[in-house]
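**Q** The structure's right below; bear with me while I get my questions together.
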Amino acid sequence: MPLYEPEAPPFELVKRESWGAVPADPHPPTSWLPMNGGVVIHCLDKGHVAADAHSNCFERVRLLQKADMTAPGVERLPAEPDISHSYLVCAHGVVFEGRGALVRPFANEPIPGGNMRYYSVCALIGIQDAPSHALIGAVNGLNTYLAGLEGHFAAGAELRPWNSASGSPGAGLRQAIESGSLVLPQRTEEEK
């Protein structure tokens, strides 16, 4: 286990092999300094709704990976070699490992430096859905985990909502950020 990864995250984590991820063809994490940024929160578009049964969340993550690996990216580059997000969180309060903590995401442009300075966390709800208490708790646990990583892979102090034409991450998640229900722990001077 790498030095900068905490022993046990404070949330239920479904690792890539457990949700059935297609093996990635990852590119190295060049220019990947989330300590200078933080976390960007996303959600799915209005064609999606939060899954009623947790078993459906696994299929949704697999379909998102397949879509990212077959469609050109937001920068009109060829399809991505993996799922675009660092982590995905379902309404049942479970975190799915996307690219994880060691690989730069590909979901945060056109935020300036978005993919170089931020983790990408996608809530598996549509823009019209209100986030569940379980989802809020899991995202907060994930944010604490990311802020607690050591060195260059620790998330900085910014928690930002994605800002896109689709409306992501939706009014409910934006309100949770603005009200302080969704938080990213502030790092002390010694931790910076």
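The values are calculated or read from the model by the stated rules, or taken from the named source; none is laboratory data. In this text the structure is predicted, and so the values were computed from the model without any measurement. Note that each Cβ is placed from the backbone with ideal geometry, even for glycine, and that neighbours are counted across all protein chains shown. These area figures cover heavy atoms from the full protein model, side chains too; ligands, DNA and RNA do not enter into them. Shrake-Rupley method; radii C 1.70, N 1.55, O 1.52, S 1.80 Å.
**Q** Helix-only mean residue ellipticity at 222 nm, the chain, DSSP H runs n ≥ 4 weighted -39,500 (n - 2.57), per residue, nearest 500. What is it?
**A** Helices in the chain give a 222 nm mean residue ellipticity of -7500 deg cm²/dmol.
**Q** When the chain is fully extended, how far beyond the present Cα-Cα distance does GLN175 get from MET69, taking 0.36 nm per residue of separation?
**A** Values: separation 106, 0.36 × 106 = 38.16 nm, distance 3.14 nm.
Computed gain between GLN175 and MET69 is 35.0 nm.
**Q** How much length is gained if the chain between ALA8 and GLU59 is pulled fully straight, taking 0.36 nm per residue apart and subtracting their Cα-Cα distance, in nm to one decimal? Please report the intermediate quantities before stating the final value.
**A** Values: separation 51, 0.36 × 51 = 18.36 nm, distance 2.51 nm.
Answer, rounded to one decimal: 15.8 nm.
**Q** Amide H to amide H under 5 Å from TYR118: which residues, 5+ apart in sequence or cross-chain, H placed 1.01 Å off N in plane?
**A** Here GLY38 satisfy the definition.
**Q** Please list THR144, THR70 from largest to smallest accessible area, probe radius 1.4 Å, with all protein chains kept in place.
**A** THR70, THR144
**Q** Whose amide H sits under 5 Å from the amide H of LEU124, counting only residues 5 or more places off or on another chain, with H placed in the peptide plane?
**A** Hits under the 5 Å cutoff: VAL89, CYS90, ALA91.
**Q** Separate question: Using heavy-atom solvent-accessible surface (probe 1.4 Å) with all chains present, what is the largest-first order of HIS85, HIS152?
**A** Descending order: HIS152, HIS85.
**Q** Keeping all protein chains in the complex and leaving out DNA, RNA and ligands, what accessible area do you get for SER181 with a 1.4 Å probe, in Å² to the nearest 10?
**A** For SER181, the solvent-accessible surface is approximately 60 Å².
**Q** Here is a follow-up. For ASP45 and SER18, calculate 0.36 nm times their separation in residues minus their Cα-Cα distance, and state this gained length in nm to one decimal. It would help to have the intermediate numbers written out before the result.
**A** On the way: separation 27, 0.36 × 27 = 9.72 nm, distance 2.51 nm.
Taking 0.36 nm per residue and subtracting the Cα distance, the gain is 7.2 nm.
**Q** OK, next. 5 Å is the cut-off here: which amide hydrogens, built 1.01 Å from N in the peptide plane, fall below it relative to VAL14, excluding neighbours closer than 5 in sequence?
**A** Correct list: VAL95, PHE96, GLU97.
**Q** Rg/Rh for the stretch 75-129: what does it come to with C-alpha atoms and Rh from Kirkwood? Provide the component values of the computation, followed by the final result.
**A** On the way: Rg = 11.8 Å, Rh = 12.0 Å.
A ratio of 0.99.
**Q** While we're on this one: Output ³J(HN,Hα) for the stretch 176-181: one whole-Hz value per residue in order, computed from phi by the Karplus curve 6.51 cos²θ - 1.76 cosθ + 1.60 with θ = phi - 60°, and x for Gly and Pro.
**A** So the J values, rounded to whole Hz, are 5, 5, 5, 7, x, 5.
**Q** For ILE127, ILE83, give the ranking by accessible area with the largest first, probe 1.4 Å.
**A** If we order ILE127, ILE83 from most to least accessible, we get ILE127, ILE83.
**Q** Run the quick spin-label model on HIS152 and ALA130: label points 7 Å from Cα toward the beta carbon, then report their separation in nm to one decimal.
**A** 4.3
**Q** Can you tell me what share of the DSSP beta bridges in the chain is antiparallel? A percent to the nearest 5 is fine. Walk me through the numbers on the way to the answer.
**A** Details: 4 of 21 bridges.
Within the chain, antiparallel bridges account for around 20 percent of the total.
**Q** Defining a contact as two alpha carbons under 8 Å apart and six or more residues distant in sequence, what relative contact order in percent does the chain show? Before the final figure, lay out the partial values.
**A** Values: 407 pairs, mean separation 58.8, N = 192.
Taking the mean separation of contacting Cα pairs over the length of the chain, I get 31 percent.
**Q** Run the 1.4 Å probe and let me know the accessible area of ASP68, rounded to the nearest 10 Å².
**A** Looks like 40 Å² after rounding.
**Q** Ratio of Rg to Rh for the stretch 62-177, alpha carbon only, Kirkwood?
**A** Radius of gyration over Kirkwood radius for the stretch 62-177 works out to 0.93.
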